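Read through the structure below, which is laid out as structure tokens, and then see the notes.
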Amino acid sequence: MSSAVELQSEPNVIELCTLPGADPAAAIAALRPLVGEAAGAGEADAERLAAHLVSLARTYSTEPFTPLEAARHGLGVERPEFRRLLDAFGRIPQLRTAVERGPAGKYWTNTVLPVERTGALDAALNGKPAFPNSVGLYPGPTCMFRCHFCVRVTGAKYEASSVAGGNEMFASIIDEVPLDNPQLMYLSGGLEPLTNPGLGELITRAARRGLKLTLYTNSFALTEQTLARQPGIWDVHAIRTSLYGLNDEEYQATTTKRAAFSRVKKNLLRFQELRQERPDAPRLGFSYIILPGRAHRLLDLVDHIAELNAAAPDRPLEFLTLREDYSGRPDGKLPAAERAQMQEALAAFDEKVRALTPTLYVDYGYALESQRMGVDAELLRIRPETMRPTAHPQVAVQVDLLGDVYLYREAGFPDLKGADRYIAGRVTPDTSLAEVVERFVTERRAVEPMPGDEYFLDGYDQVINARLNQMTADVAAGWADVRGFLR
Ligand code: SF4
């Protein structure tokens, strides 16, 4: 799209036109003079174009992965008129803001637009090799929990004897990653990263290269003893603890481990005290999944965070990622009563956060953000037919202890049935990660999806998959220069 032009306007009406309850007529009226200038339209034309532009903004603010041809048919316009609309849209920045602030805006601002800027999506679309824009290291040989929703195969783990070689392999990847994006790498699983006794050394190695790693952990092993044995853990940029409940009973129901909440809480309280003494200590936060019927627990979650903050008043927890469990809802929708409950709970939660933990950054994710706005979010549902056999290793890969490079984030578990088909190759002393990806891409390797394979994709993979499908459709329909609507 063309570059933006400086225009006078009533930005709020236009920028807010995608919110539930907004008045499209007011936005159209505010847009008319801008359209006249941006599209060189006369008065009659400007009215029609302004209405179409508001409609486009609303479409892409709720269904960001709509192919351009579907949007064009929705408006009932011919290609030249559609071209004119896309051009005008690109020249009026308030419309872009309206899309980004709309109910599905987080898809754009959290994932699509940042990845667009790296060029990784173009590389994936065009089958060109590129170093992955996101590299997950999965260093945990085992896990002490057995969460009911986890795809992990019970009892499956990596041999202890694979740890030393695995850590050498991870070190080689740390040494090989380009340094233009310090946030490129993270530590997660797969299994629990803190079960790897060499984790601290890997973290220090990465920190020395300037990499800002986030560690995803259940924090059961984040004890003072672990920190004493592995002081390198202090060099990590952020620790994100997955929280599985707010008392021992809830934890046991989810993880099957007894007294686990008490232990994790004790670890984090001590970690907070130690953090207080170290100005450069890692950022700390939680990931919390709202299980069905447990929206009311959000208020107790704020109390829990406030309690941890009290242990280190100068270092309150920095972030919280909230997600909702949709696994039991095949259409991705909440029943009306539950939706109302959720909206109410989110509002009360918001208020309590402002009162008790005002510095906490809360990331509501794609779906909860729109529910806060009172819109029922439909989750992306990638199916085997819409999975891409070439996947997207230019955008993201995950590497386990054996050096196997997985194409999807939920595939990197030992012995998981069918997951080995999603191994792009293996990092070895003779083969770097860049070479594994390059071979997979240049040899045009492809994995034919089978029923059930969609579960190997996590929410991020699904967004990337949907975006690439949209881009492919746009290019095929002759809209290559404007593919993807916003970028
Ligand atoms: S979800 Fe995480 S903590 Fe739970 S069993 Fe799976 S790997 Fe372990």
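The values are calculated or read from the model by the stated rules, or taken from the named source; none is laboratory data. Because the structure is a prediction, the values reported are computed rather than measured. Because the Cβ atoms are built from the backbone with ideal geometry, glycine has one as well, and the counts that use them run over all protein chains shown. Accessible surface areas use protein heavy atoms only, side chains included; no ligands, DNA or RNA. Shrake-Rupley method; radii C 1.70, N 1.55, O 1.52, S 1.80 Å.
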* Using a 1.4 Å probe, what is the accessible area per residue for segment 11-102, in Å²? -> 41
* Asked: Can you run phi through the Karplus equation (6.51, -1.76, 1.60; θ = phi - 60°) for segment 441-447 and list ³J(HN,Hα) in whole Hz, with x for Gly and Pro?
  -> 6, 6, 7, 6, 6, 8, 10
* To do: Compare the peptides 313-320, 412-419, 194-201, 272-279 by average per-residue count of other Cβ atoms within 10 angstrom and give them in order, highest first.
  => 194-201, 412-419, 313-320, 272-279
* Express the relative contact order of the chain as a whole percentage, based on alpha carbon pairs under 8 Å and six or more residues apart in sequence. => 18
* Structure fact -> Once all protein chains are kept in place, Thr214 shows an accessible area at probe 1.4 Å, nearest 10 Å², of 30
* Relative to the longest principal axis of the chain, what angle (0 to 90°, nearest 10) does the C-alpha long axis of helix 459-476 take? -> 30
* Asked: Using the alpha carbon gyration tensor of segment 125-202, what are the three equivalent-ellipsoid semi-axes (square root of 5 times each eigenvalue), largest first, in whole Å?
  -> 25, 17, 11
* Asked: Using 0.36 nm per residue, how much length does the chain from Arg48 to Ala156 gain when fully extended, once their Cα-Cα distance is taken away?
  -> 32.7 nm
* Asked: What residue among Ala130, Leu308, Thr321 has its Cα farthest toward the positive end of the dipole of the chain, where the charges are +1 on Lys, Arg and -1 on Asp, Glu, each on the Cβ?
  -> Leu308
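Write down the percent of antiparallel bridges among all DSSP beta bridges whose residues are both part of the chain, to the nearest 5. Working shown, then result.
On the way: 6 of 35 bridges.
Roughly 15 percent of the beta bridges in the chain run antiparallel, per DSSP.
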* Asked: Do any cysteines in the chain lack another Cys Cβ under 4.7 Å, and if so which?
  -> Cys17, Cys143
* Structure fact -> Subtracting the Cα-Cα distance of Arg421 and Ala164 from 0.36 nm times their residue separation yields 90.0 nm
* Putting +1 on Lys and Arg Cβ atoms and -1 on Asp and Glu Cβ atoms, find which of Val463, Ala480, Pro429 reaches farthest to the positive end of the dipole of segment 385-482. => Ala480
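At 1.4 Å probe size, with the rest of the protein present, what percent of the exposed accessible area of segment 117-384 is carbon and sulfur atoms? Can you show the working numbers first?
Working: 5890 of 11740 Å².
So the carbon and sulfur contribution to the accessible surface is 50 percent.
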* Alpha-carbon Rg with Dmax, taken over segment 124-275, Å -> 16.3, 51
* **Filter on Lys266/Lys417; Lys212/Lys417; Lys257/Lys417; Lys106/Lys212; Lys157/Lys257; Lys265/Lys352 - keep pairs with C-alpha separation over 28 Å** => Lys266/Lys417; Lys212/Lys417
* Asked: Got a number for the accessible area of Ser242? Probe 1.4 Å, square angstrom, nearest 10.
  -> 30
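Carbon and sulfur together cover what percent of the accessible area of segment 45-103 at a 1.4 Å probe radius? Could you put the intermediate results ahead of the total?
Numbers: 1090 of 2230 Å².
Ligands and nucleic acids excluded, carbon and sulfur reach 49 percent.
On the accessible surface of segment 385-482, probed at 1.4 Å, how many percent belong to carbon and sulfur atoms?
Numbers: 2050 of 3900 Å².
Accessible surface attributable to carbon and sulfur in segment 385-482 totals 52 percent.
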* To do: Just grab the label-to-label distance for Asp280 and Ala355, each label 7 Å out from Cα along the Cβ direction, in nm (one decimal).
  => 4.0
* When the Debye formula is applied to the Cα atoms of the chain, each taken as the same point scatterer, what base-10 log of I(q)/I(0) results at q = 0.08, 0.09, 0.10 Å⁻¹? -> -0.54, -0.68, -0.83
* Asked: So how tilted is helix 199-208 from the main axis of the chain? Cα-based, degrees 0 to 90, rounded to 10.
  -> 50
* Structure fact -> Surrounding charge for Leu187, neighbours by C-beta under 15 angstrom, Lys/Arg +1, Asp/Glu -1, total +2
* Asked: Could you state the number of Å between the C-alpha centres of segment 199-218 and segment 375-432?
  -> 22
* Using the heavy atoms of the protein chains alone and a 1.4 angstrom probe, what is the accessible area of segment 117-384 per residue in square angstrom? -> 44
* To do: Might you work out the accessible area of Asp420 for me, using a 1.4 Å probe with all protein chains in place, and round it to the nearest 10 Å²?
  => 100
* Paramagnetic label zone (point 7 Å from Cα along Cα-to-C-beta, Leu299; backbone N under 11 Å) in segment 223-261 -> none
